[in-house]
Amino acid sequence: MKSIDNLLRTISTVYLRISQVVLLALVLGILLEVFMRYFLGRAFVGSAELTQLAITWVVFLMAFVLFRTRRHIVVTALVDMLGPRVNRLFDAIINLATIVLSIYVLVQLGNVWEFLGLKTPVFGIPDTVFKISPVFCFVPMALQAALNLAAPWLEPSDPHETEHV
Amino acid sequence: ATYRLACPSAETSTTCLAATHFADEVRENSGGEIDIQVFPGGQLGSGEKAIQQMRAGVLDLVVESLSNYGNFVDDFNVVSWGFTFRDNAHFQSFLASDVEKEMEAQLFDEAGIKMLASNWSKLPRVVVSTRPVETPEDLAGLKFRVPGIPSYIKTWQTLGANPTQVPWADSFQALKTGITDAMEAPYDSVLSQKFHLAAPYVSLTDHVYDSVTVSMNGMRWSRLDEAQQQVMLEAAANAASYSAELVAEAAKTVSDQLEADGATIIEVDRSAFADKLRAAAEEQEAEGLWAEGLYDAIQSID
Amino acid sequence: MAFTALLITFAIFMAMGAPVALAMGFASMVYILLGDVMPSIFIFSMVESLGGVTLLAIPFFVLAGEIMNVGGVTARIFHFAGLLVGHIRGGLAHVNILSSLFFAGISGSAVADTAGLGRIEINAMTKAGYSRAFSAAVTAASSCIGPIIPPSILMVLYGSMSEVSIPALFVGGLIPGLLLGAFMMIYVYFASKKEGVVPSERASLGEISRSFIRNAPPLATPVVILAGLVFGIVTPTEAGVVAVFYAAVVSMAYGDMNWSNLGAMLEEALITTTQIMFILGMSSLFGWLVTTEQLPQAMAQFFQGSGYGHLAFLFAVNVILLLLGTFMSLTSILVIFTPTLVGMGTALGVDPVHLGVVVVLNLTVGLITPPLGWCLYIVTEIAEIRFIDTARAILPFLIPILIVLLLITYIPGLVLLPGELLLPSR
Ligand code: NA
Ligand code: NA
């Protein structure tokens, strides 16, 4: 149990670091692009493709980080009123459903794989490079959900993240 | 059975009107057995993404430009290369030729897509500019807006223009403020986006002849019986002549309105442009953008 | 049947405290298993819904707000607002509202306003003698201006889903945002009588102008963003990056920037973005269903049949979104309902920009209405009072907000006029 938890913690940390670097790179890259366009009159072809790729990956990587650290948006109005025993039951059901959903997504991805023949126009990035990104989210997420089921005492307590809108 | 058809343009566009015409005829002649629902405005996706979803069976039918199939069979890339065709008659002969039918067969075998018709009409593409463009020499040094697709950039670079990237939504503003001097666009977009109010010279370059196609997921096609397939093919062919009428009418409306707004419409000598692009076309062919010998084969079609 | 199963599954899992995004994913799975769609649409729509480049503006606007917070800009804004309106009856309450108005031009979210300015505002007010509940309520209510004055995360989300111009939405929020500030200040002027706190002395013109010169750069952020967008110099995404750059330069010029916080700031931006975009991705099947079932057309016919057309529609939008906003996640409401609402609005002749601003204000009210109101939670924690006290104190503030909501709902010009003047080409 402990070793799986450590593995998932490492994955989570690595995902977060990668995402931070990518976001910073996007800020600098887009800034450079705006600068080049208006002061040097040169446009960088294909930046939209790279941006799309980056954001797709970042969202799926971070979606696992948020799942592990329980920072996805959760509506707690009802569960706050119920006792700890009911909450534990609900948690178990949710973790189970997460495992089912993860497997379902992976199976569906396998089914469409042979149809993903597109490439982006400028850099020729295969569509599969975009569509594989959920795997990196749902595999560790299913593992985490299984771990939460098997060893609920390892799960971090609720940090009560707000919805930033 | 019910089938979903994705159409990329507005409900009242020539493309989607033709699609509706097709759907209606199929419904009637199949005795209501084949019920095609048309989803206009790109609601269910558009472009190569929609074609990919049709391949995977999420969509049943897709109405899209012929040039978009270059993503699935390389040879269709030749369509989007500038000045490949001498004139509309040449393009129509190509669409009816064995060369094109061979490409369609390849599309069915390799990508599992059945093209029901490849010859629905499409409004021509034109160049709008702040200075008159009659010959390739007039393009020299013009800051020219192109979409971010390498072969487009290469085309206009070869012709002497200075390709500039501006998002489609900002094109009007770019012409108006002098960020660009010229751009290429579909004829009707010039009017709907009011480009001619910022750049009053409209050159009828027809630099790319493209058509609208209607295609079906190959598996679903194979499951239809022969009579049903015949109904589909006939309706697709009939929609082609219907769309030709619509497009001719639309082109007339556009040019009348443009002239009424004070724009100058310019006829160009297309052969001067085509000559400049021939060598570059051979380079593209050598790079494998389409099969070797295809460009010449197309040129030898009458 | 499958559709009902989808809604029930979503409701049950959300009530059980599942992440909203996953609840939507479970519901989609149930629909696909029961209904008549190709399962592979789930994969396509999930990944491709994230491809909208405009969405990338979200992390950038969050980041810009974070940098301004860390860089001490917040405190400067509060100080400057104090010089301007601190002497009116209800002094610090007005300062509180005006600060939020200024901060709204920097930050894209109401929660960022409450979390960033809230501590300064509530501490200053309670120290001056205002009741804790009133201080908390003013703070929460005024933060609602955040998503209305540009930039706005909710507007970016609405715009990228409905392909409505983001600059037009941003410009459309200007007058409603100013109206919100004005009506709240009117209410506060009368409500403060009961509080019985003596306002501060009027600042001299010299003091004000000196402070203005020192504090003008952060106050000019919305001008920088809007000018870039209105003149077509930058795209919305690029405007977000320019805002980040501007925030960094301003904070560094003040000498308050602490770069050791960079990692934490990036993390915060990533969390917010992922919360929103994972919900978007997992709910994308819903948009497909709305289209294929032709839901908007059917519902638009219902409203046309009622004889009141778009007026009845807009009223229904207000009522339904206000109700849903009290207990549901705002992102999920926006993601689920935008395709239907825009489709219906178009069919009934409602301008999608107008509709967008109305929708966003409706949702924002959800941040300050119990039982689920994130801004209420935050101010309750800062003010160290009971939730019920905050909830009671916030109720009267709904009056000025609802008045503005009705005004902008039924006088579209309040939203659309600035756009017609500033964005003539559209
Ligand atoms: Na704002
Ligand atoms: Na405030």
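The values are calculated or read from the model by the stated rules, or taken from the named source; none is laboratory data. Computed from a predicted model, the values in this text were never measured in an experiment. Note that we place each Cβ from the backbone using ideal geometry, even for glycine, and neighbour counts take in every protein chain shown. The accessibility values were calculated without ligands, DNA or RNA, using every heavy atom of the protein model including side chains. Shrake-Rupley method; radii C 1.70, N 1.55, O 1.52, S 1.80 Å.
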How do C:ILE122, C:ILE186 rank by accessible surface area computed with a 1.4 Å probe, from largest to smallest?
C:ILE186, C:ILE122
Keeping every protein chain present and rolling a 1.4 Å probe, give me the accessible area per residue for region A:1-154 in Å².
47
Using +1 at the C-beta of Lys and Arg and -1 at the C-beta of Asp and Glu, which of B:PRO200, B:GLY70, C:GLY419 has the Cα lying farthest in the positive direction of the dipole of the protein assembly as shown?
C:GLY419
With the charge dipole of region C:143-290 built from beta-carbon charges (+1 for Lys and Arg, -1 for Asp and Glu) about the Cα centre, the Cα from C:MET184, C:GLY240, C:ALA227 projecting farthest to the positive end belongs to C:MET184
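Rank these residues by their accessible area, most exposed first, probe 1.4 Å: B:ASP181, B:ASP87, C:ASP36.
Details: B:ASP181 30, B:ASP87 70, C:ASP36 125 Å².
The ordering from most to least exposed comes out as C:ASP36, B:ASP87, B:ASP181.
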Which three extents, in whole angstrom, do the alpha-carbon atoms of region C:258-412 cover along their principal axes, largest first?
56, 36, 25
Acute angle (nearest 10 degrees) that the helix C:91-104 long axis makes with the longest principal axis of chain C, alpha-carbon atoms
50
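Please go through region B:75-121 and write out the GluC sites (Glu not before Pro) that DSSP classes as loop and that have at most 16 other C-beta atoms within 10 Å. Before the final figure, lay out each step's value.
Working: sites: B:GLU100, B:GLU102, B:GLU104, B:GLU110; in loops: none.
Passing both the DSSP loop test and the Cβ count: no residue.
Protein chains only, probe 1.4 Å: how do C:ILE88, C:ILE148, C:ILE320 rank by accessible area, largest first?
Numbers: C:ILE88 55, C:ILE148 0, C:ILE320 85 Å².
So, going from the largest accessible area down, we get C:ILE320, C:ILE88, C:ILE148.
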Area accessible to solvent at C:MET155, 1.4 Å probe radius, in Å²:
0
Cα-based shape type of region A:1-154, given that a ≥ b ≥ c are square roots of the gyration tensor eigenvalues and the cut on a/c is 1.5:
prolate
Solvent-accessible area of C:SER192 with every protein chain in place, 1.4 Å probe, in Å² to the nearest 10
10
Can you give the Kirkwood hydrodynamic radius of region B:1-141 from its Cα pairs, in Å with one decimal?
16.9
Give the value in nm², to one decimal: projected area of the alpha carbon convex hull of region C:188-286, averaged over all directions.
12.3
Which residue, C:ILE388, C:LEU334, C:VAL111, has the largest displacement toward the positive end of the dipole of chain C when charges sit on each Cβ (Lys, Arg +1; Asp, Glu -1)?
C:ILE388
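If the viscosity is 1.002 mPa s and the temperature 20 °C, what Stokes-Einstein diffusion coefficient in µm²/s follows for the protein assembly as shown when Rh is the Kirkwood radius over Cα pairs? List each step's numbers first, then the result.
Working: Rh = 29.4 Å.
Diffusion coefficient, whole number: 73 µm²/s.
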Please label the shape of region B:1-47 as rounded, prolate or oblate, based on the square roots a ≥ b ≥ c of the eigenvalues of the alpha-carbon gyration tensor (a/c under 1.5 means rounded; beyond that, a/b larger than b/c means prolate, else oblate).
oblate
Give the Rg/Rh ratio for chain B, taking Rg as the radius of gyration of the Cα atoms and Rh as the Kirkwood radius, to two decimals.
0.97
Helix axis angle, A:2-35 relative to chain A longest principal axis, alpha carbon, degrees:
30
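To the nearest µm²/s, what D does Stokes-Einstein give for region C:39-179 at 20 °C and 1.002 mPa s, using the Kirkwood radius over alpha carbon pairs as Rh?
On the way: Rh = 16.1 Å.
Estimated via Stokes-Einstein, D reaches 133 µm²/s.
Taking 8 Å as the Cα distance limit and 6 or more residues as the minimum spacing, I'd like the relative contact order of chain B as a percentage. Display every interim value, and only then the final one.
Numbers: 553 pairs, mean separation 77.9, N = 302.
Relative CO of chain B lands at 26 percent.
At a Förster radius of 41 Å, what calculated FRET efficiency corresponds to the Cβ-Cβ distance of C:LEU402 and A:ALA150, to the nearest 0.05?
0.25
Which is the longest part of chain C that has none of the chymotrypsin sites (Phe, Trp or Tyr not before Pro) sitting in a DSSP loop with at most 15 other Cβ atoms within 10 Å?
Numbers: sites that count: C:PHE231, C:TYR308.
Looking at chain C, C:1-230 is the longest stretch - no exposed chymotrypsin sites (Phe, Trp or Tyr not before Pro) with at most 15 other Cβ atoms within 10 Å.
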Which of the aspartates and glutamates could be linked to A:LYS131 by a straight reach, that is with a Cα gap under 16 Å, when you skip same-chain ones fewer than 8 residues away?
A:GLU49, A:GLU114, B:GLU48, C:GLU48
Taking Cα atoms only, helix C:413-422 is inclined relative to the longest principal axis of chain C by an angle, in degrees rounded to 10, of 80
Could you state how much accessible area A:HIS164 has, in square angstrom rounded to the nearest 10, with a 1.4 Å probe and all protein chains kept in place?
30
Rounding to the nearest 20 debye, state how big the charge dipole of chain C is about its Cα centre with +1 on each Lys and Arg Cβ and -1 on each Asp and Glu Cβ.
1060
Give me the base-10 log of I(q)/I(0) for region C:38-422 at each q in 0.06, 0.09, 0.13 Å⁻¹, Debye formula, one uniform scatterer per Cα, rounded to two decimals.
-0.22, -0.51, -1.06
Roughly how far apart, in whole Å, are the Cα centres of region C:135-197 and region B:18-81?
45
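Sort out the exposed loop GluC sites (Glu not before Pro) in chain C (DSSP loop, at most 14 other Cβ within 10 Å) and tell me the longest stretch that has none.
Numbers: sites that count: C:GLU163, C:GLU201, C:GLU293, C:GLU384.
Result, exposed sites excluded: C:1-162.
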I want to verify the translational diffusion coefficient of region A:96-165 in µm²/s; compute it with Stokes-Einstein, Rh as the Kirkwood radius over Cα pairs, at 20 °C and 1.002 mPa s.
146
Cα-based Rg and Dmax for region B:165-302, in Å, come out at 20.1, 58
How large is the convex hull of the Cα atoms of region C:116-226 per residue, expressed in Å³ as a whole number?
132
Links exceeding 26 Å between C-alpha atoms in this model, out of C:LYS127/C:LYS194; C:LYS127/C:LYS193; B:LYS114/B:LYS194; B:LYS49/B:LYS154; B:LYS122/B:LYS176, come to B:LYS114/B:LYS194; B:LYS122/B:LYS176
Which of the three applies to region B:136-226, rounded, prolate or oblate, going by the alpha-carbon gyration tensor with a ≥ b ≥ c and a/c under 1.5 meaning rounded?
prolate
For region A:67-165, which chymotrypsin sites (Phe, Trp or Tyr not before Pro) are in a loop by DSSP, counting at most 15 other Cβ atoms within 10 Å?
A:PHE123
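Can you give me the Rg/Rh ratio for region B:1-83, using Cα atoms for both radii and the Kirkwood formula for Rh? Let's see the in-between values first.
Numbers: Rg = 13.6 Å, Rh = 13.4 Å.
Value, to two decimals: 1.02.
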How large is the Kirkwood hydrodynamic radius of region A:60-126, counting all unique pairs of alpha carbons, in Å?
15.3
With every protein chain in place, chain C: carbon and sulfur % of accessible area (1.4 Å)
68
Convex hull volume of the Cα atoms in region C:329-422, per residue, in Å³?
117
So if I place +1 on the C-beta of Lys and Arg and -1 on the C-beta of Asp and Glu, and nothing else carries charge, what would the dipole magnitude of region C:273-426 be about its Cα centre? I want it in debye, nearest 20.
80
